[in-house]
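The values are calculated or read from the model by the stated rules, or taken from the named source; none is laboratory data. None of these values were measured; they are calculated from a predicted model. Using ideal geometry, Cβ is built from the backbone for each residue, glycine included, and neighbour counts are taken over all protein chains shown.
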Amino acid sequence: MKKNIVLVGFMATGKTSAANALAEELNIKPVEIDKLIEEKEGKTIDEIFKEKGEVYFRQVEKEIVKQVSQKPYVPYAVISAGGGVVLDEENIRNLEKNGVLICLEAEPEVILERAKKETSRPLLKVENVMERIKKLLEKRMPFYRKIRLSINTTDLTVEQVVEEIKKIYSQNG
Ligand code: S3P
């Protein structure tokens, strides 16, 4: 069986858009971990954060990551993970079992622009969004750096990101 393509990386670096475009082009299943969390809980990510807190969200996220990592998608799937998935070592180990992890990156300015279009991210619901992005990026950088394969999407269109992913996957899949 072929390995899954697993897109990780900070919020608004283009994981979901790339995953959907890639899935359509390759005719494979797009699996969005955040969507599975929402389905399991019957609530939006925002509601889970508000009503149950981040610690609870991370527990459910970890459970879903484990399930997804064990599932034999035929022929393979493109999985997009929320920005915090890589903060947990075990999540990385699970996803690596049957997947090629690729970390998408982008400059903070681009993250801000893209994030403005999507207002549902609980961690970015603050007055100074740029400050929050920079702080979180700084804190999380060591975790994103652990992922060997990466693409900087700052100046790329979704189509270009898809091409890059295909190239990297063909060399590492
Ligand atoms: C999070 C990223 C979000 C979502 C949740 C927490 C994070 O996913 O999982 O709001 O901790 O970075 P996206 O990266 O798809 O925005």
Do we find a residue being within 12 Å of the ligand (Cβ to nearest atom) and under 22 Å from Ile165 (Cβ atoms) anywhere in region 65-76?
yes
Ile45 passes all but one of (1) within 10 Å of the ligand (Cβ to nearest atom); (2) surrounded by 22 or more Cβ atoms within 10 Å (Cβ to Cβ); which number fails?
(2)
Among the residues that make up region 87-95, is at least one of them out of contact with any helix residue (DSSP H, G or I) (no Cβ under 6 Å at 6 or more places or on another chain) and closer than 18 Å to Ile133 by Cβ?
no
Can you list residue pairs whose Cβ atoms sit under 8 Å apart, with the first residue in region 102-122 being under 17 Å from Thr44 (Cα atoms) and the second being assigned to a helix (DSSP H, G or I) and basic (Lys, Arg)? Count only pairs 6 or more apart in sequence or on different chains.
Pro122/Lys50
Just checking, does region 93-112 include any residue being out of contact with any Ser or Thr (no Cβ under 9 Å at 6 or more places or on another chain), small (Gly, Ala, Ser) and farther than 14 Å from Asn4 by Cβ?
no
Every residue from region 48-58 that is loosely packed, with under 12 Cβ neighbours inside 10 Å and under 19 Å from the mean Cα position of the chain (by Cα):
Val55
Unmet requirement for Leu156, which otherwise passes all of (1) within 15 Å of Ala19 (Cβ to Cβ); (2) not in a loop (DSSP other than H, G, I, E, B):
(2)
Qualifying residue in region 61-68 (condition: surrounded by 20 or more Cβ atoms within 10 Å (Cβ to Cβ), more than 16 Å from the chain's Cα centre (by Cα) and either of a type outside the set (A, V, I, L, M) or closer than 19 Å to Glu138 by Cα (or both))
no
Quick one: how many residues across region 112-140 are under 17 Å from the mean Cα position of the chain (by Cα), under 26 Å from Glu163 (Cα atoms) and surrounded by 12 or more Cβ atoms within 10 Å (Cβ to Cβ)?
4
Checked pairs for region 27-53, first farther than 21 Å from Lys71 by Cβ, second modelled with pLDDT under 95 and surrounded by fewer than 15 Cβ atoms within 10 Å (Cβ to Cβ), C-beta under 6 Å and 6 or more apart or across chains, list as Asp46/Ser120
